[in-house]
1. Report the residue count in the stretch B:27-47 for those that are open to solvent by 50 Å² or more (accessible area, probe 1.4 Å) and under 22 Å from B:I112 (Cα atoms).
2. Could you look through the stretch A:154-181, keep only residues that are within 23 Å of A:V88 (Cα to Cα) and of a type in the set (G, A, S), and pick out the one that is surrounded by the fewest Cβ atoms within 10 Å (Cβ to Cβ)?
3. Any residue at all in the stretch A:188-205 that's open to solvent by 40 Å² or more (accessible area, probe 1.4 Å) and among the polar types (S, T, N, Q)?
4. Take the residues in the stretch B:125-144 that are touching a residue at least 40 places away in the same chain (Cβ under 8 Å) and not in a loop (DSSP other than H, G, I, E, B), then tell me which one is surrounded by the most Cβ atoms within 10 Å (Cβ to Cβ).
5. Among the residues in the stretch A:463-480, are any open to solvent by less than 70 Å² (accessible area, probe 1.4 Å), free of Cβ contacts under 8 Å to residues at least 24 places away in the same chain, part of a helix (DSSP H, G or I) and assigned by TED's automatic domain parsing to the domain that holds A:A272?
6. In this structure, is A:C49 touching a residue at least 40 places away in the same chain (Cβ under 8 Å) and outside the structural domain of A:N116 (by TED's automatic domain parsing)?
7. Cβ-Cβ under 7 Å, sequence separation 6+ or interchain: first residue in the stretch A:505-520 and within 19 Å of A:G421 (Cα to Cα) and aliphatic (A, V, I, L, M), partner within 16 Å of the ligand (Cβ to nearest atom) and not in a helix (DSSP H, G or I). Which pairs?
8. Within the stretch A:493-514, which residues are more than 14 Å from the ligand (Cβ to nearest atom) and either open to solvent by less than 30 Å² (accessible area, probe 1.4 Å) or more than 17 Å from A:G194 (Cα to Cα) (or both)?
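The values are calculated or read from the model by the stated rules, or taken from the named source; none is laboratory data. Nothing here was measured: the structure is a model prediction, and the numbers come from that model. Cβ: placed from backbone, ideal geometry, glycine included. Neighbour counts: every protein chain shown. With ligands, DNA and RNA removed, areas are computed over all heavy atoms of the protein, side chains included. Shrake-Rupley method; radii C 1.70, N 1.55, O 1.52, S 1.80 Å.
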Amino acid sequence: MSITIEVNNKKIEAKKDETILEVLNKNGIHVPTLCHIKGMLPDGACRMCLVEQKESGKLITSCSAKVYDGLEVLTHSPKVTEARKVIVELLLSNHPDDCLYCVRNLNCELQTLSENLNVRERRISGKKNQLKIDRSSPSIIRDPEKCILCGRCVRVCEEVMGVSAIDFVNRGNQSYIGVAFDKGLNISSCVNCGQCIVVCPTGALTEKNHFSEIIQALNDKSKQVVVQYAPAISVSLAEEFGLPIGTDMVGALNAALRKIGFNFVFDTTFAADLTIMEESAELIKRVQENKNLPIISSCCPSWVKYAEEFVPEFLDNVSSCKSPQQMMGSVIKSYFAEKSNIKKEDIYSVSLMPCTAKKFEAQREEMTTNGISDVDAVLTTRELVKFIRLYGVNMLDIEPEVADSPLGTGTSAGKLFGTSGGVAEAAIRTAYYKLTGTELLNFRIPEIRGFKNRKEAKIKIGDLELGVAVVNGLGNAKKLLDEISAGRSDIHFIEIMACPGGCIAGGGQPLNFDQEAFKKRAEALYMIDNNAFVKVSHKNPDVINLYNNYLKEPLGEKSHKLLHTNYTKRNVLK
Amino acid sequence: MKKNVESIFEQYPKSGRPDLIPLLQDVQESYGWLSEENVVKVSQFLDIPVSNIFGVATFYNQFRFQPVGEYHIQVCRGTACHVLGSSTVLKEIEKQIKVKAGNTTKDGVFSIEIVACIGACGLAPVISVNGEFHAKVTVESIKSIIDSYKTIEKK
Ligand code: SF4
């Protein structure tokens, strides 16, 4: 039902049941928020979104108050702006003054708020809380002194991820956000997804940085520095360099990485194709033997850790395939090293990922061979952008180049790994071919594309009706697994991604982007697929060569050694 | 009589979130404090993440995360005591035994707890050591009170 309200003395239409904030946003009226997360229930804790109810002069939180017919509000009256300013000043009174040294300098919501509210002097000062930085996690650093207690990380961790690694501790001005019993994040149930970083308004949550190790390797004459980049990376950079969101920058990226000094530039999409070869073989084998079904994808390291902690009963279902990052790492230090006559000790292997959990994955014990890790350092997309700037590369004025062979070719099937549904689609394309000898019609499975939390499809492959489910957000994954535990048996293949939307919305991606940006990145990937000449992993010429000359066959002895892994139940504080 | 956690759980047959605080109180009453081990058990029993439970438990002053010392000092921070200087009293005690409120000394002899009101406002500022009240304490008298317990301990 439509009603009329008055905002800043102007009548506007609203729908009953909408919150004031929703109506304001729809009408292009900007009210600042801190604790609010679009699409989640309002919290009303930070009071930034206050508006003045004209009649009573009361200040109300627009995020939680619903509109009603005849409501009159002022969004920027002196009373409102003063109240907001005081809130920011109070937050600043307990905040370190080291913006210049902060990772979030120039990209911090607290900075923006104090700038917009014209905070120009310290009117409120007091004793600041002294809290310890938690550097225990391989992926995430928490600096509680920079935290302004908006609680967005806590909510994402609980409501989207179903992990609840962190929560508010203590009360009143002694409050902080932490792990139970003040333990480190490394022994908590944290799955390193980085979604808490994505929602953090300040520098309280950041990824662990490895710039200095990488720079050292780049300057070390005895090292061959090899870099790989994930399928989602090339479509997630453009906006940072002033180009339209979703522009594919793969050519510029290859060139930039060479300029920086990487000796070999490889595309993880190649390894995504390799993953598909192994995973589809595994799927077919399990279907034929009717064993350990449904098979669940293992590309997402947050999901894998979640499974080890929360649903170990499904570990036999998780595909034994390493993730593309790790397959690539392993192939670089075996096949590539042998072929190019480089000792594997002399290779320093870097990967560029839209993900913070990849940092965790790279240092897992299972991902090392004789004490040498397959991947030595991981940078997130955010860090990559900084790295490119550090080396002064102009991404807008650079001649595009192609990646190096033999690990530089990827098909568009592998490229789809970057978005939710992509792994499943690529796997089915290849499984379909292997089972029937013909290609899947149009190569497309539209039912599993898009941004819904859960997508399902039934695909006829000969006599088999293959059930596929795609979920993103670990909370949603848990719901599906509960159904399966309760006896649901029509699903053969499940793709699980921790981040809502998949890797294009990963925890390592540039900040301040919304659903619209994610959609554009996904569209870009599907566009690449539409225009591609080779749309199936089994036709990747370099992958075929790798099997012919080295691995022999999917699930073979060598593949098993290099490309597969195992999982174990983890006891964590949860 | 100390009940183990499992037998405490038996008293909560249809358990759920609302049982959290009473359950924690029972565990604390029986053990004197909330150990990590027991909180994890409560978390599994009620199916509530440990981080949530720690959050709730640290919100209230009544819960402890260290065993109480041999001598458990309760410092009243109620209104009457506050007016008569209980905050300086507390600071002095913390200084004397070298731990903050809520904690226990390394040797396990003393622990401090802040309580809201002991109900002995006439004696303000008042502290209680293992239930024994000390009335109208001052910064000066604290040292001798604490020393007296130290001497018993030595004997
Ligand atoms: S990284 Fe993910 S799982 Fe870990 S604390 Fe942040 S949101 Fe929770």
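1. Residues meeting the conditions: 4.
2. Filtering first and then ranking leaves A:G172.
3. Checked the stretch A:188-205: no residue is open to solvent by 40 Å² or more (accessible area, probe 1.4 Å) and among the polar types (S, T, N, Q).
4. The selected residue is B:I127.
5. So far as the stretch A:463-480 goes, yes, one or more of its residues are open to solvent by less than 70 Å² (accessible area, probe 1.4 Å), free of Cβ contacts under 8 Å to residues at least 24 places away in the same chain, part of a helix (DSSP H, G or I) and assigned by TED's automatic domain parsing to the domain that holds A:A272.
6. no
7. Correct list of pairs: A:A505/A:C499.
8. Matches in the stretch A:493-514: A:F493, A:I494, A:E495, A:I496, A:G501, A:G502, A:I504, A:P510, A:L511.
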